[in-house]
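> The structure follows.
The values are calculated or read from the model by the stated rules, or taken from the named source; none is laboratory data. Just so it is clear, the model here is predicted, and its values are computed rather than measured. When we count neighbours, we look across all protein chains shown, and the Cβ atoms used for this are built from the backbone with ideal geometry, even at glycine.
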Amino acid sequence: MENVGMEKAGMEKAGMENVGMENIGFCKIKDSSSPLEYYIFDHLSRYRELRHAVFTRLGGVSSPPFDSLNTGMATGDDPGSVMRNREIVESQITGSGMEGYFLYLNQVHGREFVVLKKDDYKSTSEMERFCAGSHEADGIITDVENIFAVIQVADCQAVILYDPLRRVVAGIHSGWRGSLLNIIGAGVDIMAGEFGSEPGNIIAAISPSLGPCCAQFVNYKDEIPRHLWKYRMDGASHNEENNFDFWFMSRDQLMEKGVLPHNIEIAGICTPCRVDRFYSYRNEGVTGRFAVVAGVVSEGI
Ligand SMILES: [Zn+2]
């Protein structure tokens, strides 16, 4: 992301001591002149044509308890503040002199996708209208350049999938309900079926989200189907026996579809543990949503 005016000199290791899992490739990028910061995934940053960022809660205009870069409209925050925050996020992604269309979803913890193909949308005004429309879904898959998928989360996983051969990008919202529905697997299927992606070529990244240290499901016998009980922690490494590892569940869901383990990057940061930097619904209740953004840009930009 050299061309968006940020300095890589500000990169820091973003791992966390008590989650037992450190990903040194998941890097924070910060411009010392601004409170805004975002993270990038090591695997995804290798592709110049792909632009992506995991924003935090820092650098926006919302007041507590939404402070400050809240991009979620259905949170109770002032809509004007949310719109301003979205502009901040968008201008960070596009920089100057580039037209970008940002697709926000009304996320409903289902497994529906918005699929946007080059062949379907020819004019920029059509794309603009489409992106500005209301879409009830939990995933976006597109091969259209300069369309950016925006997933808004506070504990749920935002998953980015990218096929560098077909130049297809997916943004997926997978909370624990989405994990139960295997929306991630559905996303890989759509990339393969609609765009011809080979799962072996897909690069996957999982955002900061509810970690095994905080994913306690006391009523798991009612809420989580039996075949997923293997993701329950054994109590040896964490205090509670009713905690689940949704990061590993997602990893398995990707691998079951043929995504290669070395192409899967998990940020390994637990949002309830890190409300200094991210939003957590579980920890805070009324709060904001941080944005995870990904899209392919035109050649030469
Ligand atoms: Zn935690």
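> Given the options Asn85, Asn70, name the one that is touching a Leu at 6+ places or on another chain (Cβ under 6 Å), of a type outside the set (A, V, I, L, M) and either part of a helix (DSSP H, G or I) or in contact (Cβ under 8 Å) with a residue 40 or more places away in the chain (or both). Explain how you work it out, then say what you get.
Working: Asn70 fails: touching a Leu at 6+ places or on another chain (Cβ under 6 Å).
Step by step, each of Asn85, Asn70 is checked, and only Asn85 is touching a Leu at 6+ places or on another chain (Cβ under 6 Å), of a type outside the set (A, V, I, L, M) and either part of a helix (DSSP H, G or I) or in contact (Cβ under 8 Å) with a residue 40 or more places away in the chain (or both).
> Does Ala205 satisfy being under 16 Å from Arg251 (Cβ atoms) and touching a Leu at 6+ places or on another chain (Cβ under 6 Å)? Don't jump to the end; show me each part of the working.
Numbers: under 16 Å from Arg251 (Cβ atoms): yes; touching a Leu at 6+ places or on another chain (Cβ under 6 Å): yes.
Against the criterion (under 16 Å from Arg251 (Cβ atoms) and touching a Leu at 6+ places or on another chain (Cβ under 6 Å)), Ala205 qualifies.
> Follow-up question, since we're still on this one. Hey, among Asn85, Asn106, which residue is buried (at least 21 other Cβ atoms within 10 Å of the Cβ) and of a type outside the set (Ser, Thr, Tyr)?
Criteria check complete, one pass: Asn85.
> If you take the residues of the stretch 98-120 that are closer than 25 Å to Ile183 by Cα and over 20 Å from the mean Cα position of the chain (by Cα), which of them is modelled with the highest pLDDT? Even if it seems obvious, please write down each step before you answer.
The first filter runs over the stretch 98-120 and keeps only residues closer than 25 Å to Ile183 by Cα, leaving 101-120.
Within this subset, residues satisfying the condition of being over 20 Å from the mean Cα position of the chain (by Cα) are 117-120.
Values: Lys117: 94, Lys118: 90, Asp119: 83, Asp120: 85.
Per the criteria, the residue is Lys117.
> Continuing with this model, one more query. Quick one: how many residues across the stretch 262-284 are more than 9 Å from the ligand (Cβ to nearest atom), closer than 17 Å to Ser68 by Cβ and in a loop (DSSP other than H, G, I, E, B)?
Of the residues in the stretch 262-284, 5 are more than 9 Å from the ligand (Cβ to nearest atom), closer than 17 Å to Ser68 by Cβ and in a loop (DSSP other than H, G, I, E, B).
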